[in-house]
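Q: One structure is given below, represented as structure tokens, and several questions about it will come after.
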Amino acid sequence: VYPSKQHPRKVKILGSDGNTYTFILKGHEDLRQDERVMQLFGLINSLLTRDSETARRSLAIERFPVIPLSSNSGLIGFYPNCQTLHEIIRDYRETHGHYLNLEQRHAQQFSPNWETLTVLQKVESFEYALSNTPGNDLQRAMWFKSPNAETWLERRTNYTRSLAVMSIAGYILGLGDRHPTNIMMHDETGKIVHIDLGDCFELAVHREKFPETVPFRLTRMLIMPMEVSTIEGTFKFTANHTMRVLRANRDSLMAVLEAFVFDPLVSWSYTQDSDNADTTAVATTTTAAAAVTGRRQPPANAAATTNNNANNQAQLSRWSAAGRAVSAQHDLTGIALGSRPDEPLGNFA
């Protein structure tokens, strides 16, 4: 039993093929949306394998099985040989005698009365904490865990590419809640694995307390392991090619994304009032469409949302028709296998 909020259990199941499969049994949580997200990631992986530039670099999103058993329980495939970024940083700091909350200690030392500070004063305190801490814990941990320079270089490249692909995919999906406990790293390959995919379609942006206004997580702790090129090298090149592929296949992506809007399983159906549910769904899907197509959206406010609701509904109808046409022309049946990690998903145009 894991000591987290929901106390999930680690179970092992003996398959009919004689192999043992490890899963995490979670309760009091609806995993049907996570399953849909895995289906979307499966489609993105299929599109990336069909492009020569992305296929040559083996760009893909790391996936795992998600099997909903009911509306409040399910099984999640156990991803072996992984640690969360929080665990990696915690182990590194404990080994080297550093406080886990080192940055927080510096901020409190600079301004003990944190709760009474203005926004500008909090920013000044935050910058003081950053200037007095190296922030290279993840970078040094990757170096110390590598047996030789060749392995370290391969892990660094895999880390940068997987982080870039998932950053763009998370931006398209509006994925939030990307704290270090929800991001894992594979011990052998260095690839990034994202878990807990419940906050989709910018749900975290509209939170009343501590809203997330950034498109994806890219802090100094994540940038430093990229070494000398930082975000201007492999990360930027990979992100550009990933966005290019997704925009070139916008129709196929929108056909899958529409299922999130018209299916009552998505998270906003539990957080929004019934009067605002349709408007919120239209607005979030319009945001995703803008990310894929590259079209900028007007500033979001209540009046603009109300006035443009009819136009958005008409746009959704056109997307719906386009999605049905794509489904009729291409083999999308393989998307149903999205819960299985990286199996061939059929042919997409």
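The values are calculated or read from the model by the stated rules, or taken from the named source; none is laboratory data. In this text the structure is predicted, and so the values were computed from the model without any measurement. Quick reminder, even Gly has a Cβ in these numbers, built from the backbone with ideal geometry, and neighbours come from all protein chains shown. In case anyone asks, the SASA skips ligands and DNA or RNA and just uses the protein heavy atoms, side chains included. Shrake-Rupley method; radii C 1.70, N 1.55, O 1.52, S 1.80 Å.
Q: Residue under question is Val123, and the condition is that it be modelled with pLDDT of 90 or more and farther than 21 Å from Thr230 by Cβ; does it hold? Spell out how you get there, then give the answer.
A: Details: modelled with pLDDT of 90 or more: yes; farther than 21 Å from Thr230 by Cβ: yes.
Criteria met by Val123.
Q: Related question: Would you tally the residues in the stretch 62-98 being polar (S, T, N, Q) and part of a helix (DSSP H, G or I)? Give the derivation first.
A: Applying the first criterion (polar (S, T, N, Q)) to the stretch 62-98 yields 70-73, 81, 83-84, 95.
Checking the rest, the ones that are also part of a helix (DSSP H, G or I) come to 95.
So the count comes out to 1.
Q: What are the pairs with Cβ atoms under 9 angstrom where one residue, in the stretch 166-181, is farther than 20 Å from Arg244 by Cβ and assigned to a helix (DSSP H, G or I) and the other, located anywhere, is open to solvent by 10 Å² or more (accessible area, probe 1.4 Å) and among the basic types (Lys, Arg)? Sequence gap at least six, or different chains.
A: Short answer, once both residue conditions are applied: Pro180/Arg217.
Q: If you don't mind, there's one more thing I want to ask. Using beta carbons and a limit of 8 Å, which pairs, at least six apart or on different chains, have the first residue in the stretch 212-223 and more than 15 Å from His194 (Cβ to Cβ) and in contact (Cβ under 8 Å) with a residue 60 or more places away in the chain and the second one open to solvent by 50 Å² or more (accessible area, probe 1.4 Å) and aliphatic (A, V, I, L, M)?
A: Close Cβ pairs satisfying both conditions: Arg220/Leu130.
Q: Hey, can you tell me all the residues within the stretch 197-244 that are assigned to a helix (DSSP H, G or I) and of a type in the set (A, V, I, L, M, F, W, C)? Before you say what the answer is, go through the steps one by one.
A: Just the residues of the stretch 197-244 that are assigned to a helix (DSSP H, G or I), to begin with: 220-232, 234-244.
If the condition is that a residue be assigned to a helix (DSSP H, G or I) and of a type in the set (A, V, I, L, M, F, W, C), then Met221, Leu222, Ile223, Met224, Met226, Val228, Ile231, Phe235, Phe237, Ala239, Met243 are the ones that fit.
Q: So which of Ser131, Ser146 is open to solvent by 40 Å² or more (accessible area, probe 1.4 Å), out of contact with any strand residue (DSSP E or B) (no Cβ under 8 Å at 6 or more places or on another chain) and among the small types (Gly, Ala, Ser)? Step through it out loud before you land on a result.
A: On the way: Ser146 fails: open to solvent by 40 Å² or more (accessible area, probe 1.4 Å).
Result: Ser131 is the single residue among Ser131, Ser146 that is open to solvent by 40 Å² or more (accessible area, probe 1.4 Å), out of contact with any strand residue (DSSP E or B) (no Cβ under 8 Å at 6 or more places or on another chain) and among the small types (Gly, Ala, Ser).
Q: Now for a different question. Can you say whether Met221 is modelled with pLDDT of 90 or more, surrounded by fewer than 21 Cβ atoms within 10 Å (Cβ to Cβ) and touching a Gly at 6+ places or on another chain (Cβ under 7 Å), as far as the supplied structure shows?
A: On the way: modelled with pLDDT of 90 or more: yes; surrounded by fewer than 21 Cβ atoms within 10 Å (Cβ to Cβ): yes; touching a Gly at 6+ places or on another chain (Cβ under 7 Å): yes.
Criteria met by Met221.
Q: Any chance you could count how many residues in the stretch 48-81 are open to solvent by 40 Å² or more (accessible area, probe 1.4 Å), of a type outside the set (A, V, I, L, M), on the phi < 0 side of the Ramachandran plot and in contact (Cβ under 8 Å) with a residue 60 or more places away in the chain? Don't jump to the end; show me each part of the working.
A: Keep residues of the stretch 48-81 that are open to solvent by 40 Å² or more (accessible area, probe 1.4 Å), which gives 49-50, 52-53, 55-58, 67, 69-72, 78-81.
If we keep only those that are of a type outside the set (A, V, I, L, M) too, we end up with 49-50, 52-53, 56-58, 70-72, 78-81.
Adding the requirement that they be on the phi < 0 side of the Ramachandran plot leaves 49-50, 52-53, 56-57, 70-72, 78-80.
Then drop every residue that is not in contact (Cβ under 8 Å) with a residue 60 or more places away in the chain, which leaves 50, 53, 57, 78-79.
Count: 5.
Q: Please find, among Val245, Val214, the residue that is surrounded by fewer than 17 Cβ atoms within 10 Å (Cβ to Cβ) and of a type in the set (A, V, I, L, M). It would help to see each step written out before you state the result.
A: Details: Val245 fails: surrounded by fewer than 17 Cβ atoms within 10 Å (Cβ to Cβ).
Answer to the selection: Val214.
Q: Go through the stretch 83-127 and give me each residue that's open to solvent by 70 Å² or more (accessible area, probe 1.4 Å), under 29 Å from the mean Cα position of the chain (by Cα) and over 21 Å from Leu222 (Cα atoms).
A: Passing the criteria: only Val119.
Q: Next up: Tell me the residue from Glu202, Glu232 that is surrounded by fewer than 20 Cβ atoms within 10 Å (Cβ to Cβ) and not hydrophobic (A, V, I, L, M, F, W, C), please. Working first, answer last.
A: Details: Glu202 fails: surrounded by fewer than 20 Cβ atoms within 10 Å (Cβ to Cβ).
So the residue among Glu202, Glu232 that is surrounded by fewer than 20 Cβ atoms within 10 Å (Cβ to Cβ) and not hydrophobic (A, V, I, L, M, F, W, C) is Glu232.
Q: Still on this structure: Out of curiosity, is Leu48 more than 20 Å from Lys12 (Cβ to Cβ) and in a helix (DSSP H, G or I)? Break it down stepwise before answering.
A: Numbers: more than 20 Å from Lys12 (Cβ to Cβ): yes; in a helix (DSSP H, G or I): yes.
Yes: the conditions hold for Leu48.
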